[in-house]
Amino acid sequence: MIKFFLMVNKQGQTRLSRYYEHVEINKRTMLEAEVIKHCLSRSKDQCSFIEYKDFKLVYRQYAALFVVVGINETENEMAVYELIHNFVEVLDKYFSRV
């Protein structure tokens, strides 16, 4: 199950966030800061899956934008990785220059 969906730029600013479970605002801020720090600090040679606390992070970088999805332990990482790509393709077709 997807817990949250984030779109973040290289400066660490959240551009879009969607949570599928209730999380308090102050905890969201701390969670986003930690997740962004973990994803931005990794090199391109490293895997795009990170185990973090009680869930997994799946992220993908497109130019200066990171798309990060938090999932539970039972979710398929490769399926979510492909979901991210399909989502970006849809945005690209709709807005013509994503």
Among what's in region 15-43 and is outside any helix (DSSP H, G or I) and out of contact with any Lys or Arg (no Cβ under 9 Å at 6 or more places or on another chain), pick the residue that is most open to solvent (accessible area, probe 1.4 Å).
-> HIS22
In region 62-93, the residues that are over 16 Å from GLU32 (Cα atoms), touching a Lys or Arg at 6+ places or on another chain (Cβ under 8 Å) and free of Cβ contacts under 8 Å to residues at least 60 places away in the same chain = ALA64, GLU73, GLU77, TYR81, ILE84, HIS85, VAL88
Which of (1) within 22 Å of GLN11 (Cα to Cα); (2) without any contact (Cβ under 8 Å) to a residue 24 or more places away in the chain does LYS56 not meet, given it meets every other one?
-> (1)
Scanning region 44-66 for residues that are assigned to a loop (DSSP other than H, G, I, E, B) and open to solvent by 60 Å² or more (accessible area, probe 1.4 Å) gives LYS44, ASP45, GLN46, CYS47, LYS53, ASP54, ALA63
Candidate set from region 67-98 (those that are of a type in the set (Ser, Thr, Tyr) and under 24 Å from LEU31 (Cβ atoms)); member that is surrounded by the most Cβ atoms within 10 Å (Cβ to Cβ) | TYR81
In region 1-14, which residues are open to solvent by 30 Å² or more (accessible area, probe 1.4 Å) and part of a strand (DSSP E or B)?
-> ILE2, LYS3, THR14
Could you list all residues from region 67-98 that are assigned to a loop (DSSP other than H, G, I, E, B) and either of a type in the set (Gly, Ala, Ser) or at positive phi (or both)?
-> SER96
Using beta carbons and a limit of 7 Å, which pairs, at least six apart or on different chains, have the first residue in region 1-26 and farther than 21 Å from GLU73 by Cα and at pLDDT 90 or above and the second one among the charged types (D, E, K, R) and open to solvent by less than 50 Å² (accessible area, probe 1.4 Å)?
-> THR14/GLU32
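The values are calculated or read from the model by the stated rules, or taken from the named source; none is laboratory data. Computed from a predicted model, the values in this text were never measured in an experiment. We place every Cβ from the backbone using ideal geometry, glycine too, and count neighbours over all the protein chains shown. Quick note on the areas: whole protein, heavy atoms, side chains included, nothing else; ligands and nucleic acids left out. Shrake-Rupley method; radii C 1.70, N 1.55, O 1.52, S 1.80 Å.
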